[in-house]
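> Dropping a structure here in structure tokens format, bear with me for questions.
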Amino acid sequence: MARHGGGRGWYGKVIGAALGVTLLAGGASVWTAQAGPVTDTPAKASATPRVKPVDVTIVHASDAGARGVNITIDDGPDPVWTPQVLDVLRQYHVKATFCMVGTQAKAYPELVKKVVAEGHRLCDHSVSHDTTMDKQSQTYQSQQILDAERMITEASGGVRPMYYRAPGGAFTPYSRKLAASRGMRPLGWNVDTKDFELPGTDAIVATVQQEISNGPTLLFHDAGGDREQTVEALRRVLPWLKGQGYTFGFPVR
């Protein structure tokens, strides 16, 4: 999700109810960062990673080539909007990358499994969508990234996220290195549709049409509020992109 007003993400208001924990603003975590196999028992911080590290640079390119486009969907899953987004993607035979918030994945594991079953990829979008991640301690960043990785992997039935997108783009050298060491390529974007501002379907579509020359990775949202405009914009944008000769792929790893 692109950085916008509000500081810590809207998920922060429901974390306590969802998980019964308190995230401390100073960066201390009540959870032990998960660095090993997915289990219900916190892994030791020194556990050896069992995944292949990937490049630490922030990726934008598409594996579909020069005319490739990456559709990325942030902040879900959401029981109302994610199924509708999946319906549109299926209608136009498009695969996307879903950047999931850990608490949402934990709350709706059936939707995480559905996303995977339909051929889409998973991306770690932190535990609580804190857009001040780049101002927090390394301990806090580690907790946010690794606990979300665990939550998403458990919810999916064992499929790991392939990317890490910092909330609001709040990457740090440490967070990029940590994510890459866990096999999650840091993921950026080229076109921010700003659909979370609810500008209207026409405005979302126009943003894509006017800014697609900026690069291949498009940012949409399937949670965090009413996403009817996003669903309708995707219904118009996907065939338009195909008509312009674009193909759909995934971010390069």
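> Hey, among 226, 192, which residue is acidic (Asp, Glu) and under 30 Å from residue 53 (Cα atoms)?
Just one listed residue meets the conditions, 192.
> The conditions are (1) more than 20 Å from residue 217 (Cβ to Cβ); (2) touching a helix residue (DSSP H, G or I) at 6+ places or on another chain (Cβ under 7 Å); (3) open to solvent by less than 40 Å² (accessible area, probe 1.4 Å), and residue 51 fails exactly one of them. Which is it?
Evaluating residue 51 over (1) more than 20 Å from residue 217 (Cβ to Cβ); (2) touching a helix residue (DSSP H, G or I) at 6+ places or on another chain (Cβ under 7 Å); (3) open to solvent by less than 40 Å² (accessible area, probe 1.4 Å) leaves (2) as the failure.
> For residue 15, state whether it is open to solvent by less than 10 Å² (accessible area, probe 1.4 Å), under 19 Å from the mean Cα position of the chain (by Cα) and either modelled with pLDDT under 95 or farther than 30 Å from residue 214 by Cα (or both).
yes
> Regarding region 236-247, can at least one residue be identified that is under 23 Å from residue 162 (Cβ atoms) and aliphatic (A, V, I, L, M)?
Yes: one or more hits.
> Which ones in region 114-152 are assigned to a strand (DSSP E or B) and open to solvent by less than 10 Å² (accessible area, probe 1.4 Å)? Before you say what the answer is, go through the steps one by one.
First, the residues of region 114-152 that are assigned to a strand (DSSP E or B): 121-124, 130.
Matches in region 114-152: 122, 123, 124, 130.
> In region 209-234, how many residues are closer than 20 Å to residue 168 by Cβ and not charged (D, E, K, R)?
11
> Would you call residue 168 within 18 Å of the chain's Cα centre (by Cα) and at positive phi?
yes
> Regarding region 35-53, can at least one residue be identified that is modelled with pLDDT of 50 or more and assigned to a helix (DSSP H, G or I)?
No, region 35-53 has no match at all.
> Mind listing whichever residues of region 60-82 are crowded, with 16+ Cβ neighbours inside 10 Å and closer than 18 Å to residue 233 by Cβ?
Step one: filter region 60-82 for residues crowded, with 16+ Cβ neighbours inside 10 Å, giving 60-62, 64, 68-78, 81-82.
Answer for region 60-82, where residues must be crowded, with 16+ Cβ neighbours inside 10 Å and closer than 18 Å to residue 233 by Cβ: 69, 70, 71, 72, 73, 74, 75, 76, 78, 81, 82.
> Can I ask one more? Just to be sure I understand, how many residues within region 83-113 are farther than 23 Å from residue 69 by Cβ, part of a loop (DSSP other than H, G, I, E, B) and open to solvent by 10 Å² or more (accessible area, probe 1.4 Å)?
Start the filter on region 83-113 by keeping residues that are farther than 23 Å from residue 69 by Cβ, which leaves 101-113.
Narrowing the set further to residues that are part of a loop (DSSP other than H, G, I, E, B) leaves 101, 108.
Pick out the ones that are also open to solvent by 10 Å² or more (accessible area, probe 1.4 Å) and you get 108.
Of the residues in region 83-113, 1 are farther than 23 Å from residue 69 by Cβ, part of a loop (DSSP other than H, G, I, E, B) and open to solvent by 10 Å² or more (accessible area, probe 1.4 Å).
> Keeping to region 50-77, report how many residues are touching a Lys or Arg at 6+ places or on another chain (Cβ under 9 Å) and without any contact (Cβ under 8 Å) to a residue 24 or more places away in the chain.
0
The values are calculated or read from the model by the stated rules, or taken from the named source; none is laboratory data. From a predicted model like this one, the values you see are computed outputs, not experimental measurements. Glycine also receives a Cβ, built like all others from the backbone with ideal geometry; neighbour counts cover every protein chain displayed. Areas reflect the complete protein model, heavy atoms only, side chains present, ligands, DNA and RNA absent. Shrake-Rupley method; radii C 1.70, N 1.55, O 1.52, S 1.80 Å.
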